[in-house]
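The values are calculated or read from the model by the stated rules, or taken from the named source; none is laboratory data. This one's a predicted model, so the numbers in the text were calculated from it and none came from an experiment. When we count neighbours, we look across all protein chains shown, and the Cβ atoms used for this are built from the backbone with ideal geometry, even at glycine.
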Amino acid sequence: MSTSLTRNRDFRRLWVSQTLSLFGSGASNLAYPLLVLAMTGSAVHAGIVGTVSGAAAVGCQLPGGGLVDRWNRRRLMLGCQLIRFAAMAAIAAAIMAGDATLWMIIIAATVTAAAGSLFGSAEQAALRHIVTVEQLPQAVSLNEARSHAADLAGPAAGGAMFGAARWLPFGVDALSYAVSVVAVALIRRPLQETRDRVRTKLTAEIGEGIKVVFRDPFLRAVAFIAPPLNVAISCVMFVLIVVLRDQGAPSAAIGSAETAIALGGLAGALLTPFFRRRLRDRTLVVTLCWAMTALVAAMAGLVGTYAVIVPLAFALLLAPASNATIFGYLFATTPDRLQGRVVSTLTLFAGGIQPIAPVAGGVMVQQWGGRVAFIGCAAVLAVGALAATFSNGIRQMRPLTELKDEAESSKETIPRTGGADR
């Protein structure tokens, strides 16, 4: 964490507490299928838990964004974490008492996923009230770093904890939410601007957020760039597993490959300031999109060797810098009253088609083999890179220092009002 952000106590509290929360979620998410398999022996039942909870998270995106812009963000974040704490504590207690049932697990997983989706939208919308405008990309990259770190440590710890005691991963997850509640409550800054009383329908507000995304050149560009990039990378990850398995790699080697790739993403998040110091924002986005396309295409020539993981690790090394630039600019330029709706709309568009990735990857590998599958994924990435290259919204990106100067100028001319966090 940079020196300037280290000195920001509110950001530090939120970052550390959410790192713990993501770690706990990673542990419990691995424990869910293990628990269901131990209870029922049914892979279908274990899959249902993941499918239902995933659907709940996606289904909450648009209404969640509207609520983030309508309700008090601090109270909303606190409420979400208290709900998640209660759900995990209840599951842990039920397991300890021997009373856990499949329906209880499905309900707990669904509730925590829905509350987590809502919390995530609120946290992102509140970020620009916690850090300065020019620090937004750096804050986004540090948030990505904590996600990659949690992906590395959470599932491994969850498996070990489940082996020691089935209730333990859920108990640790509950504890992480309790820490998050305290951290959010201690944040001193208001997490939103002063708002007028809401009188419109929630559906109308959600519709307004969607319209804003497709009317604004930059937001519209992100809505077209993100989906092909996300679905292609997810497809590559699946194809890689199949390719390694087909060449006889043991499960441990496949797991190690995924760890190496996750380390690439973590390193990329930490190197984001290095990339951003050397390239303008719009140049950075376009360059990284094409670099990711070329690296995935290079994987086609390495099928049959363990070196096939290397280009993907480098591709994910580059991804956080692009994400930090795009979302930092998004948070800086989107009006506060629309932050939740814009973020949730783009999140839905970015990840909405992602569930087709494993199916598409499986079809390509089965029909044409791993080389063609990787080339197909690179072609999808090229669509996103072309959109970035020729998009007016990306070409018109301005330095965040200019936006900071404008924000400071508006503060000088507009008197401050209280009650922003009421």
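Going by the structure shown, is Ala86 surrounded by fewer than 21 Cβ atoms within 10 Å (Cβ to Cβ), modelled with pLDDT of 95 or more and either assigned by TED's automatic domain parsing to the domain that holds Ala165 or closer than 26 Å to Thr203 by Cβ (or both)? Yes: the conditions hold for Ala86. Only one of the listed residues (Gly158, Gly209, Gly154) is surrounded by 22 or more Cβ atoms within 10 Å (Cβ to Cβ), in contact (Cβ under 8 Å) with a residue 12 or more places away in the chain, part of a helix (DSSP H, G or I) and not assigned by TED's automatic domain parsing to the domain that holds Cys60. That residue is Gly209. Of the helices (runs of 4 or more DSSP H) lying entirely inside the stretch 10-115, the ones with 1 or more residues being among the charged types (D, E, K, R) and more than 25 Å from Thr194 (Cα to Cα) are found at 73-97. In a residue-by-residue description of the stretch 163-184, the property of being over 18 Å from Leu20 (Cα atoms), among the charged types (D, E, K, R), over 20 Å from the mean Cα position of the chain (by Cα) and part of a helix (DSSP H, G or I) applies to no position. Every condition in (1) over 25 Å from Leu30 (Cα atoms); (2) buried (at least 21 other Cβ atoms within 10 Å of the Cβ); (3) at pLDDT below 85 holds for Lys201 except the one numbered (2).
Only one of the listed residues (Thr272, Thr259, Thr287) is of a type in the set (Val, Ile, Thr), under 16 Å from Gln138 (Cβ atoms) and not assigned by TED's automatic domain parsing to the domain that holds Gln135. That residue is Thr272.
Tallying residues that are within 30 Å of Phe331 (Cβ to Cβ) and modelled with pLDDT of 90 or more within the stretch 136-173 yields 1. Part of a helix (DSSP H, G or I) and farther than 30 Å from Arg277 by Cβ: which single residue out of Ala319, Ala357, Ala332 fits that description? Every option except Ala357 fails the conditions.
In the condition set (1) touching a residue at least 40 places away in the same chain (Cβ under 8 Å); (2) closer than 30 Å to Ala108 by Cβ; (3) assigned by TED's automatic domain parsing to the domain that holds Asn8, Pro190 is compliant with all but (2).
In the stretch 316-335, the condition of being at pLDDT 80 or above, surrounded by fewer than 16 Cβ atoms within 10 Å (Cβ to Cβ) and within 22 Å of the chain's Cα centre (by Cα) is met by at least one residue.
Being surrounded by fewer than 19 Cβ atoms within 10 Å (Cβ to Cβ), out of contact with any strand residue (DSSP E or B) (no Cβ under 6 Å at 6 or more places or on another chain) and at pLDDT 85 or above narrows it down to one of Ala253, Ala297, so name that one.
Working: Ala253 fails: at pLDDT 85 or above.
One residue alone meets the criteria, Ala297.
Are any of the residues in the stretch 7-18 in contact (Cβ under 8 Å) with a residue 12 or more places away in the chain and among the acidic types (Asp, Glu)? Yes: the stretch 7-18 contains one or more residues that are in contact (Cβ under 8 Å) with a residue 12 or more places away in the chain and among the acidic types (Asp, Glu).
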